[in-house]
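Have a look at the structure below, then the notes.
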Amino acid sequence: MDRFSWSNGLLEIDETLVVQQRGVRLYDGDDKVKMELGVALLSTHRLIWRDIKNHECCLSIPLSQIIFFEEQAAGIGKSAKIVIHLHPSSPSKEPGPFQNSKYSYIKLSFKEHGQIEFYRRLTEEMTQKRWETTPVSQPLSSGTGTQVCRKTRAVGIVGIERKIEEKRKETDKNISEAFEDLSKLMVKAKEMVELSRSIATKIKDKQGDITEDETIRFKSYLLSMGIANPVTRETHGSGTRYHMQLAKQLGDMLQAPLEERGGMMALTEVYCLVNRARGMELLSPEDLLNACKMLESMRLPLRLRVFDSGVMVVQLQSHSEEEMIASALDNVSDLNTNYSSSLSILLSSLSFLNYFPRLLLAEKVGHLCRDDSVEGLRFYPNRF
Amino acid sequence: MSFEWPWQYHFPPFFTLQPNVDTRQKQLAAWCSLVLSYCRHHKLYTLDVMEAQESPVFNNKKMERKLSVEAIQVVFEELRKKGNLEWLDKNKTRCLVMWRQPEEWGKLMYQWVSKNGMVNSVFTLYELSNGDDTHGEEFHGLEEWMLLRSLQALQTDGKAEIITMDDGKGVKFF
């Protein structure tokens, strides 16, 4: 009985039904199979058995598996049977109800007679071997074999699932093919970068022939093409010469504005100022950020500072924290001669973003105290 | 004589509970002394929390600042820890304010008694707190609960004895 596979019982395109007989019980060798009575169907290609009550329980076996068969006459209390001897299962056999069996033959027991006709037809088919001339695709076996007949009958859904799977595989293949080109491109780009770099060094070495100016121009061409270092930008984003130059520029440019603003400016302000001043060849935010990150390492009088809240500012190196707090204190006390004049935040020339963390810092240190009322939050010099 | 407000009373941050721990400690200390001196000045012995919110102590109308209920509770708790306040009910709605400790009251009374050579005399409680003789003394107008506690303190010291009479309590000073 281990030669049988689960089946949906539907015939294939070139498969024809030859005969069917109700009231058939299956025997595994000489043992009754724990299944109900069913219908035995003989087609040009297969022997199919289907449970009468549970149509989803359906088994089949290709006729090619049959070695030979014989009749077994009925006895007292016993129905007539057909004994079918089978080849061992092929390794590609679809799963069936039984994993293994000690018998290599099965019996069909005809409770409601009909064995004579069945036997005759079976002989015909086995002689004609029509399955060899009109091969059909492997019958779709759906569901898993369990002792309790339980499998999905719906070919339609399985077919759709298969199509979807195939489509997915196709897409996958296409994508990887497409990216294959991209990875090739990356390789080429790397080669190009190497090439340009080698040219640049060669140019530098032959200093006499080509001026520094032209070298710089050449490099700026490269930059404008965006090949500053595309392959290594991720790992070395802020290390380029460009950013270093830029940092130097910022150092010079921002001194005056920073002094005006009490030594601290938000990065967004810096960005606006710098680009407005440049007019052309604007900076990208990323470039500005990378340049600012290098300020400290280049020992410029400015540095980038990130607050707890994530706010980023550029501040003068000369501004230590105490100085900042002290200046905050001065600002606040200047405007607080009596309790009715406060609003130090608004009157200060610094932007709120810069000022507020400073105020909190001063409060933490104990230089300021807060006044929280319906009128809002204010800070006073700590006279407690 | 009108009450003199401390400089903090005119300082807006005084009415905001400070987050900085050190600042807060100083702030609370100032509040405690303000409450006590105000009660002393106006001879207040009990406070009701709801009423307190509207009292000029916690509500500076001119400056438009007032201490929040939570902050008032914090101040009261601070006073309680220092021994200057006792809750009268579990819900903390009314409290006794002791801007002077019972022992101090007792001493004051005893001083007055001995100064006037009235040792070994018996006084009713009413005479002590509301009698014409004690008019002008600091303990004049003392509420009975505080009076009793002070006399009890003296009693513990052996300087007085509380007597129960037909129509109330009295005390004998030794």
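FYI, it's all coordinate maths here, none of it is from the lab. All values derive from a computational prediction rather than experimental measurement. All Cβ positions, even for glycine, are placed from backbone atoms using ideal geometry, and neighbour counts span all protein chains on display.
Of B:MET146, B:MET109, B:MET63, the residue with the greatest mean-square motion in the GNM of chain B, using alpha carbon springs below 10 Å, is B:MET63. For segment B:102-173, just say rounded, prolate or oblate: build the C-alpha gyration tensor, square-root its eigenvalues into a ≥ b ≥ c, call rounded for a/c under 1.5, and beyond that prolate if a/b exceeds b/c, oblate if not. Rounded, because the longest to shortest axis ratio a/c is under 1.5.
Report the FRET efficiency, 1/(1 + (r/R0)^6), for B:ASP157 and B:TRP5, where r is their Cβ-Cβ distance and R0 is 22 Å, rounded to 0.05. Result of the calculation: an efficiency of 0.05. Which residues among segment B:131-170 fall inside the zone where the amide N is under 17 Å from a point 7 Å beyond the Cα of B:ASN120, along Cα→Cβ? Hits in segment B:131-170 for B:ASN120 at 17 Å: B:159-161. A full extension of the chain between A:PHE179 and A:PHE68 corresponds to an added length of 34.2 nm, given 0.36 nm per residue minus the alpha carbon distance.
Secondary-structure-derived ellipticity at 222 nm for chain B, considering helices only, amounts to -14000 deg cm²/dmol, per-run term -39500 (n - 2.57) for DSSP H runs with n ≥ 4.
Given a Förster radius of 41 Å and the C-beta distance between B:LEU96 and A:LYS364 as r, what FRET efficiency does 1/(1 + (r/R0)^6) yield to the nearest 0.05? Calculated transfer efficiency: 0.65.
Indicate the gyration tensor shape class of segment A:1-72 (rounded, prolate or oblate), computed on the Cα atoms with a ≥ b ≥ c the square roots of the eigenvalues: a/c under 1.5 is rounded; otherwise a/b larger than b/c is prolate and the rest oblate. Cα axes put segment A:1-72 in the oblate bin. Each label point was placed 7 Å from the Cα along the Cα-to-Cβ direction; for B:GLU64 and B:SER37 their separation is 2.7 nm. Find the percent of Cα-Cα distances in segment B:7-97 that exceed 16 Å, and round it to a whole number. In whole percent, the long-distance tail amounts to 51. Gain on full extension, evaluated as 0.36 nm per residue between A:ARG217 and A:GLU56 minus their Cα-Cα distance, stands at 50.1 nm.
The modelled label-to-label distance between B:MET165 and A:LEU17, using points 7 Å beyond Cα along the C-beta direction, is 12.4 nm. Annotation: amide H-H contacts under 5 Å for B:THR46 (H modelled 1.01 Å from N, sequence separation of 5 or more, or interchain): B:VAL97.
If the segment from A:GLU281 to A:GLU375 were pulled out straight at 0.36 nm per residue, it would be longer than the present Cα-Cα gap by 29.2 nm. Model label sites at A:HIS87 and A:CYS272, defined 7 Å from Cα along the beta-carbon direction, differ in position by 8.5 nm.
Tilt of helix B:21-42 relative to the longest C-alpha principal axis of chain B, in degrees (0 to 90, nearest 10)? Between helix and principal axis, roughly 40 degrees.
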